[in-house]
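Structure first, then comments.
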């Protein structure tokens, strides 16, 4: 059994660094769209790091990886469908 | 069949060495992930449709929640170390890291209750606005997952204290780890969407 302890420690350190950067980005006064894109990029990177390293997705078979990937396009589809619907139906 | 008996898997098995329990947990994670997606997407849709949306930093305690995020990252590390320990047959390490993870989860919940207490004291209720509704429903749904995780860990910790796990039998610990890491993974997105954006 390989010992991945150093990989796990490095991953935790990088996750912490990215979280600190995220909070920093949220507080600085920059172009709003750029800020959202940066924050989402950081969040997705962190989620990938947790999934690949802590959940060991990188060691799973191709079939399982594909199955895990399915909800992502489904989520995007729901988002676009809902966003498209907003101007026609909702007034909050 | 004896639990420790080795089962030879076919070489072309699409799921490799993954047990049915592990596949079941992955399936649950996919479904639960879609539930969280539904909440976050609904929140985003309400936000886009709203004429005005409060700045999270003016209402919520972001530094405290950032610390909570750090805490959850630390518990993900201790959880993966628990699995790492038992894969090497280190039962004391398994119990130690599971205990750390459970304590971390408990502190996370304590901080969340503290945050809710202060928000409610300031008149920020579930029905105060659409924003407060989105905030409470999403964070509370996640908090319930953390609570479930802490209870789940306590059961596995009890089994570990009975000596049920070894270097040849750690499937339950791996499945628990998948759930706990998922709770961490979802929090990363919830923190960004609800608190930072």
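Values quoted throughout were computed directly from the atomic coordinates according to the rules given, and no laboratory measurement underlies them. Fair warning: this is a prediction, and the values are worked out from it, not measured in the lab. So basically every Cβ, Gly included, is an ideal-geometry build from the backbone, and we count neighbours across all protein chains shown.
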If the elastic network links every pair of Cα atoms under 10 Å, which of A:82, A:15, A:39 fluctuates the most in the Gaussian network model of chain A?
A:82
Ranked highest first by the average count of other Cβ atoms within 10 Å around their residues, in what order do B:155-162, B:118-125 fall?
B:155-162, B:118-125
Taking A:66, B:26 and counting other C-beta atoms within 10 Å, the order from fewest to most:
A:66, B:26
Computed [θ] at 222 nm, helices only, for chain B once each DSSP H run of length n ≥ 4 contributes -39500 (n - 2.57)
-25500 deg cm²/dmol
Shielding of A:34-43 by partners, i.e. mean partner chain Cβ atoms within 10 Å per residue?
3
Kindly express, to the nearest 10 degrees and within the range 0 to 90, the angle between helix B:130-161's C-alpha long axis and the longest C-alpha principal axis of chain B.
20 degrees
Within 10 Å of each Cβ in peptide B:129-135, how many partner chain Cβ atoms are there on average? Round it to a whole number, please.
0
What does the helix-only formula give at 222 nm for chain A: each DSSP H stretch with n ≥ 4 adding -39500 (n - 2.57), the total divided by the residues, and the result rounded to the nearest 500 deg cm²/dmol?
-25000 deg cm²/dmol
Compute the angle between helix B:171-190 and the longest alpha-carbon principal axis of chain B, please, reported from 0 to 90 degrees and rounded to the nearest 10.
20 degrees
Starting from the Cα gyration tensor of segment B:135-197, take the square roots of the eigenvalues, sort them a ≥ b ≥ c, and report rounded, prolate or oblate (rounded when a/c is under 1.5, otherwise prolate if a/b is larger than b/c, else oblate).
prolate
Label-point gap, in nm, between residue B:169 and residue A:85 - each point 7 angstrom along Cα→Cβ:
5.0 nm
Would you mind getting me the FRET efficiency between residue A:65 and residue B:31? Use the beta-carbon distance for r and R0 = 22 Å, nearest 0.05.
0.80
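Rank-order B:176-187, A:44-55, A:21-32 by packing density, defined as the average count of other C-beta atoms within 10 Å over each peptide's residues, highest first.
B:176-187, A:44-55, A:21-32
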What average number of partner chain Cβ atoms lie no more than 10 Å from the Cβ of the residues making up A:56-63?
4
Sort B:132-144, B:78-90, B:55-67 for me by packing, meaning the mean count of neighbouring Cβ atoms within 10 Å per residue, highest on top.
B:78-90, B:132-144, B:55-67
State the extension gain, in nm to one decimal, for the chain segment bounded by residue A:56 and residue A:13, taking 0.36 nm per residue of separation less the distance between their alpha-carbons.
13.7 nm
Given labels modelled 7 Å from the Cα in the Cβ direction, how far is it in nm from residue B:53 to residue B:126?
2.3 nm
With axes computed from alpha carbons, what is the tilt in degrees of helix B:20-49 against the longest principal axis of chain B, rounded to the nearest 10 within 0 to 90?
10 degrees
Modelled label reach - residue B:159, point 7 Å along Cα→Cβ, segment B:12-53 residues with backbone N closer than 15 Å:
B:19-26
